[in-house]
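First the structure, in the form of structure tokens, and then the observations on it.
Any read-out appearing in this document is the output of simple, stated calculations on the displayed coordinates, not a laboratory observation. What you are looking at is a predicted structure, and each value in this text was computed from that prediction instead of being measured. Every residue, glycine among them, receives a Cβ derived from its backbone with ideal geometry; neighbour counts consider all protein chains shown.
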Amino acid sequence: VCRLQPVCQHLSGGQLYHDETDKRRRDRETELDGAPQQPDAQRGLAMTIANEDLINAAKEARANAYNVYSNYRVGAAIVDDRGHLHVGCNVENAAYPLGSCAEAGAIAAMVQQGGKRIVKIAVVGGFEAVGPCTPCGGCRQRIHEFADGNTVILAIDDSNEWQEFSISDLLPASFHLY
């Protein structure tokens, strides 16, 4: 049983899709049955998720981190512009530069599944216990690529409290080509 089942059901308007393949298969079956297909927004997909649920999804992803070198686990969970949930965890490598951050994994999953914009992202990190962990500089730039002025970034700062940041809070003089 998926531990994210309540989150999956919330984001899908009550229908449980564990992955996009299952959802596309059900959509295709409905289409073949002659029922008209509606855009996700018209199906009632939630465009937002409670902060606590998003944080819990990031904690679940964090549990799967491959962190054999640093022992520092990070999980990230994103809600995209279609209301879909995407998660990622850090994956280390003996050749340190080849490791990947949790935020990068969640963003890659979002893009692969058709998401265009980050509505909200939660980042959870720490050694044994969850502790202060804001996105690294590279991930701030990655988030910026898919964020806008309304994107919410949830992370624990040095006060050891959950905070809501905007991308301009975390990356005030960002690099951009536009």
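Stretching the chain fully between residue 98 and residue 127 yields a gain of 8.4 nm (0.36 nm per residue, less the alpha carbon separation). For the pair residue 51 and residue 177, a Förster radius of 35 Å applied to the C-beta separation gives a FRET efficiency near 0.65, rounded to the nearest 0.05.
Dimensions of the range 51-178 from C-alpha coordinates, computed as largest minus smallest value along each principal axis and given longest first, are 38, 31, 29 Å. Computed over the alpha-carbon pairs of the range 120-178, the distance histogram in 10 Å steps reads 23, 54, 19, 3, 0 percent, short to long.
A prolate overall shape is assigned to the range 62-128, the ratio a/c of its alpha-carbon gyration tensor axes (a ≥ b ≥ c) being 1.5 or greater and a/b exceeding b/c.
Computed over the range 85-160, the percent of Cα pairs more than 20 Å apart is 31. Our estimate of slack between residue 160 and residue 116, defined as 0.36 nm per intervening residue step minus the Cα-Cα distance, is 12.7 nm.
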